[in-house]
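K.L.:
Mind looking over this structure? Questions follow.
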Amino acid sequence: MRFRGRTHREPERTGPAPEPEPAGPPPVLVIDALGRKCPIPIIMLAERIREVPVGEIVAVLADDVAARTDVPAWCRMKSQDFVREEPLPRGWGFHIRRTY
């Protein structure tokens with residue numbers, strides 16, 4: 001029995017890779033909490049989310065690994081919609097939709 005491997009080869013890309021499409025609507029407000037340890041990004045979010053109209057997106061930029069669990073937990077606790085986590089060159093962008 002002979003193994004039949006994949007014979008189709010992907011063409012090599014030339015030039016820069018295409019920019020990925022942003023997922024979802026852009027944030028109305030971006031909170032820069034880079035370099036700050038939790039719970040400071042959560043406190044900043046709680047203080048400023050009222051600046052965003054209901055139904056709109058706020059993004060929190062954070063590089064503390066604890067924010068990866070703290071931001072979604074805060075959203076569940078406060079009945080806000082956690083939309084997504086976006087990897088950044090330094091840290092993550094957390095997108096939250098204000099529900100009330």
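All of the numbers you see were taken from the coordinates with simple rules; none came from a lab. Predicted model only: the values in this text are computed from it and were never measured. Every residue, glycine as well, gets a Cβ built from its backbone with ideal geometry; the counts of neighbours run over all protein chains shown.
K.L.:
First select every other residue whose beta carbon is under 14 angstrom from the beta carbon of residue 39; then total the charges, Lys and Arg +1, Asp and Glu -1. Walk me through the intermediate numbers first.
P.N.:
Values: positive: 36, 37, 68, 78; negative: 47, 64, 70.
Net charge in that neighbourhood comes out at +1.
K.L.:
Hey, another quick one. What does the charge count around residue 95 come to, taking other residues whose C-beta lies under 12 Å from its C-beta (Lys +1, Arg +1, Asp -1, Glu -1)? Don't jump to the answer; show the numbers that get you there.
P.N.:
Numbers: positive: 84, 97, 98; negative: 56, 81, 85, 86.
Computed value for this residue: -1.
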